[in-house]
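J.: Handing you a structure now.
Taken together, the values in this text are just the output of simple stated rules run on the coordinates, not laboratory data. Treat the numbers as computed from the prediction; the structure is a model and nothing was measured. Cβ atoms come from the backbone with ideal geometry, glycine included; neighbour counts cover every protein chain shown.
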Amino acid sequence: MTSTLFEQFKLNDTLTLNNRILMAPLTRCMADDNLVPTEAMAAYYARRADSGLIISEATIIRPDAQGYPNTPGLFTQAQIDGWKNVTRAVHNAGGKIFAQLWHVGRVAHPYFFGEGDVLAPSAIGVEGTVPRMRDLSYQTPKAATTAEIKQLVADYAQAAKNAIEAGFDGVELHGANGYLIDQFLHYSSNQRTDEYGETPENMSRFALEVVAAVSDAIGAQKVGLRLSPGAYFNMEPDHRDKAVFDYLLAKLNARELAFVHVGIFDDNMQFEHLGGRVSDYMRARYNGTLVGVGGFTPQTASQALDNKRFDLVAIGRPFIANPDYVNKVKNQQPLTQYNEEMLAQLV
Ligand code: FNR
Ligand code: 8K6
């Protein structure tokens, strides 16, 4: 019944995944105070190496990309060396791992990086406080200048090179969940009137420039992209967003990529302006490898793969609760139920 999950999948010319189950990117806030991955993190990832591909927790590309405590980075030599321990442990256990590259844009906080601007497409803030740090209110960001945007693109490319130096098999660009790349793609956070705003073509420009720069830096076959056409986290929806994603997905279709990954917590969410589920909306517009995610059980995941709704499935919370998720599913053993208290330690 779940056999499709255990089929091999050729991701690119050099990588064939042992099964179709990805470990979804999961922020754990457990890096050390220099944002260096620890030995405990290496062991945590290695325990999950029997997934077809691990996507690392979101990893910041530079200091002002940070919006949560102790999220790892990929911009200092010590961070690169820390990740080398992680990738070595995963590879020794027979696994494969991509780094998820992250800049949080307007939900960054200077508390984490000291003096400096919070950069975003436009000077439009989000309400609220940093999770787990209730006295840190979000600030109104500064609209990035064209020069600052070019530098951001270059910094994504450098972080991708650092990821390869650290031993990762590729990178996933975090273009989802209301963070920087996603902020350019929605009207509620992008009110620019220059070549990065106003029209679907302009609003897609930053995402496509990052994809192109990172592809040039490490090879397009090693680059995935996560997108949230449905605004549901750190973002107000706007029905005009659909035209932006229509344009962007058509452009992505015309170029080589390792995969596009749905960014959502529950794939059953219906978005009126997208005509239903985000995964179905994306499948209808993207012909390459699509990764689905969001509330799947082994049964519903294999059904979705059988029905070709997407090619690979990412599993998040169940992987926090079950380091041996793949083995348990293969042997039809019961899974431990996830709960939020499990976030307190790396099991
Ligand atoms: C997440 N998610 C997430 N997404 C992402 O792109 N980068 C990240 O770093 C994180 N971090 C993260 C932490 C925690 C604690 C949770 C619960 C979720 C979203 C995650 O990748 C996935 O899309 C959702 O969890 C939905 O999948 P499941 O959990 O229903 O299988
Ligand atoms: C990527 C950094 C995030 C830090 C951890 C987030 C974990 C949150 C757990 C669940 C929150 C879900 C919010 C999403 C909205 C759901 C819409 C129905």
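J.: Expressed as a whole number of Å, what is the distance separating the alpha-carbon centroids of the stretch 154-186 and the stretch 61-77?
T.: That distance is 12 Å.
J.: What residues have an amide H closer than 5 Å to that of ALA314, excluding those fewer than 5 places away on the same chain, when H is modeled at 1.01 Å from N in the peptide plane?
T.: Long-range HN contacts for ALA314: LEU22, GLY292, VAL293.
J.: Want the number for LYS150 to HIS273: 0.36 nm per residue separation, take away the alpha-carbon distance, what's left?
T.: 41.1 nm
J.: Between GLY276 and residues 5 or more places away or on another chain, which pairs have amide H atoms under 5 Å apart, with H built 1.01 Å from N, and which residues are they?
T.: PHE271
J.: For the chain, what number results from the quotient of the Cα radius of gyration and 2.2 N^0.38 Å?
T.: Scaled against compact globular proteins, the figure is 0.92.
J.: Taking H as built 1.01 Å from N, whose amide H comes closer than 5 Å to the amide H of GLY170, not counting residues under 5 places away?
T.: Correct list: ALA99.
J.: Taking Rh as the Kirkwood radius computed over C-alpha pairs, what is the Stokes-Einstein D of the stretch 82-155 at 4 °C in a medium of viscosity 1.567 mPa s, expressed in µm² per second?
T.: 87 µm²/s
J.: For the cross-link pairs LYS96/LYS161; LYS10/LYS96; LYS251/LYS308, which exceed 19 Å when the distance is taken from alpha carbon to alpha carbon?
T.: Exceeds cut-off: LYS251/LYS308.
J.: Applying the Karplus parametrisation 6.51 cos²θ - 1.76 cosθ + 1.60 with θ = phi - 60° to the phi angles of the stretch 15-29, what ³J(HN,Hα) value in whole Hz is obtained for each residue in order, glycine and proline being reported as x?
T.: With the stated coefficients, the stretch 15-29 comes to 10, 10, 7, 5, 7, 9, 9, 9, 7, 5, x, 9, 4, 10, 6 Hz.
J.: Just for the stretch 3-344, what percent of DSSP beta bridges are antiparallel, to the closest 5?
T.: 15 percent
J.: For the stretch 257-270, what does the Karplus curve 6.51 cos²θ - 1.76 cosθ + 1.60, with θ = phi - 60°, yield as ³J(HN,Hα) per residue in whole Hz, taken in order and with x for Gly and Pro?
T.: 8, 5, 5, 10, 10, 5, x, 7, 8, 9, 5, 7, 4, 9
J.: So what is the 222 nm mean residue ellipticity for the chain from helices alone, if each DSSP H run of at least 4 adds -39500 (n - 2.57) and you divide by all residues, rounding to the nearest 500 deg cm²/dmol?
T.: -9500 deg cm²/dmol
J.: Over the Cα atoms of the stretch 14-128, Rg to Rh with Kirkwood Rh, two decimal places?
T.: The Rg/Rh ratio comes out at 1.03.
J.: Listing SER51, SER122, SER188 from the residue with the fewest other Cβ atoms within 10 Å to the one with the most, what is the order?
T.: Listing SER51, SER122, SER188 from fewest to most nearby Cβ atoms yields SER188, SER122, SER51.
J.: For GLN158 and ALA220, calculate 0.36 nm times their separation in residues minus their Cα-Cα distance, and state this gained length in nm to one decimal.
T.: Difference between extended and current length: 20.8 nm.
J.: Got the relative contact order for the chain handy, in percent, Cα pairs under 8 Å and 6 or more residues apart?
T.: Relative contact order comes out at 16 percent.
J.: Between ARG134 and TYR338, what FRET efficiency comes out of the Förster formula 1/(1 + (r/R0)^6) with R0 = 22 Å and r the beta carbon distance, rounded to 0.05?
T.: Efficiency, from the Cβ-Cβ distance: 0.40.
J.: Going by average Cβ neighbours within 10 Å, how do the peptides 55-61, 11-17 rank, with the highest at the top?
T.: Descending mean neighbour count gives 55-61, 11-17.
J.: For the stretch 111-233, what size does the Cα cloud have along each of its three principal axes, sorted from largest down, in whole Å?
T.: 39, 35, 29
J.: How would you order 288-301, 326-339 from highest to lowest mean count of nearby Cβ atoms within 10 Å?
T.: Packing proxy ranking, top to bottom: 288-301, 326-339.
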